[in-house]
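Here is the structure we will look at, set down as structure tokens.
Please treat every number below as a calculation from the coordinates, not as lab data. None of the values given here were measured: they were computed from a predicted structure. All Cβ positions, even for glycine, are placed from backbone atoms using ideal geometry, and neighbour counts span all protein chains on display.
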Ligand SMILES: Nc1nc2c(c(=O)[nH]1)N[C@H]1C(S)=C(S)[C@@H](COP(=O)(O)O)O[C@H]1N2
Ligand SMILES: [Mo]
């Protein structure tokens, strides 16, 4: 396990270390936690160690061929602009990757996440469009590159249309606190509904261009490669954008549960829309019943649910299957791709009742 990738404490009862990638949230630790993921429990995904940045000397440079008047923004200047607060999920494109192996298919490389590479928080910041309005865009504008200040200057492109959405934020607060160092202090992007790779942390520079922008994070990594996908040169596949519909039980793997009446809890989400329906099976997919959805059910976040079960002693396999408001339902088997992104098949979750 890498050490000191994250700054915050990473106790084993809250977070699971995933080699070379970071820490995922323990689903059982989310039980009873309310709608939002507490900052201490929020998963961390960094390529290199969390940088410590001084907000006073920090600058955000906005420049590029499609910008009329390139300039730098100070932290205090962003704080003075009209603020927006949104509840949004941040979910790694590779969330659930390890379940590709459980389906008996080739194991894609990359972080072997269970389903804990997602969190939902209340983010406060300024819309990226407000910052872009201040530098002025040429009518020929096409693409935006968000660049971080971490060691490798991690960056990811997004098209101008997504950059100008009202809910594409430059966030400086998370759940009512200044953004914690591990989550991008002083400022990170929050790109609603899209894979978290686009929600670049520790922002230092925004490049706005009149032609498509590429780096390895939209040509080699975070692209869908495999049967059913075509290269989009110079990209080896189609860049991951929207996250799909998915679910998790707030239970440890091989959870031990008491026999008798219990309430199973979990959460379901979709990058595309709200959750319309969650079905639960406690008998290895023989029968399905509706779970009770709890409020709120924010779009681009998640929906908490509960399911009453009289648990008979023995080994059981639980399943949860969500459908979003656009009619997308979790499949029985995920769409295989070489890098193991967007795993969203129904996961057989083993439990022991005693
Ligand atoms: N600068 C920078 N931003 C980044 C990353 C990174 O390594 N560096 N990782 C991305 C990926 S792959 C994910 S999944 C999310 C994780 O966000 P979190 O650590 O706040 O949960 O940050 C994204 N933004
Ligand atoms: Mo990620």
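What the table below lists for this structure:
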{"item": "Selected from 178, 233, 127 as most flexible by GNM, with the chain as the system and alpha-carbon contacts under 10 Å", "result": "233"}
{"item": "Percent antiparallel among DSSP beta bridges (both partners in the chain, rounded to 5)", "result": "95 percent"}
{"item": "GNM flexibility winner over the chain from 32, 116, 204 (Cα, springs under 10 Å)", "result": "32"}
{"item": "Fewest-first ranking of 50, 219, 140, using other Cβ atoms within 10 Å as the exposure measure", "result": "140, 219, 50"}
{"item": "Shape call, region 1-99: gyration tensor on alpha carbons, a/c limit 1.5", "result": "prolate"}
{"item": "Using distinct alpha-carbon pairs, which all enter the 1/r mean, Kirkwood radius of the chain in Å", "result": "20.9 Å"}
{"item": "Three-way shape call for region 125-226 based on the alpha-carbon gyration tensor, with the a/c threshold at 1.5", "result": "oblate"}
{"item": "Cα gyration tensor, region 121-182 - rounded (a/c under 1.5), prolate or oblate", "result": "oblate"}
{"item": "Calculated diffusion of region 47-110, Stokes-Einstein form, Kirkwood radius summed over Cα pairs, 25 °C and 0.890 mPa s, µm²/s", "result": "147 µm²/s"}
{"item": "Whole-number percent relative contact order across region 1-158, with pairs defined as alpha carbons under 8 Å at least 6 apart", "result": "24 percent"}
{"item": "For 202, 302, order by how many other beta-carbon atoms lie within 10 Å, fewest first", "result": "202, 302"}
{"item": "Of every Cα-Cα pair in region 233-354, the percent that sits beyond 18 Å", "result": "53 percent"}
{"item": "Mean separation of Cα contacts under 8 Å, 6 or more apart, over the residue count of the chain: relative contact order %", "result": "17 percent"}
{"item": "Full-stretch length increase - residue 105, residue 295 - with 0.36 nm per residue and alpha-carbon distance subtracted", "result": "64.7 nm"}
{"item": "Relative contact order %, region 177-318, counting alpha carbon pairs below 8 Å whose residues are six or more apart", "result": "18 percent"}
{"item": "Candidates 248, 102, 334: whichever shows maximal mean-square fluctuation once the chain is modelled as a Gaussian network with Cα springs under 10 Å", "result": "102"}
{"item": "Mean residue ellipticity (222 nm) of the chain, computed from DSSP H runs ≥ 4 via -39,500 (n - 2.57), nearest 500", "result": "-1500 deg cm²/dmol"}
{"item": "Cubic angstrom per residue, convex hull over Cα atoms of region 153-310", "result": "178 Å³"}
{"item": "Footprinting exposure proxy for 87, 240 (fewest neighbouring C-beta atoms within 10 Å first)", "result": "87, 240"}
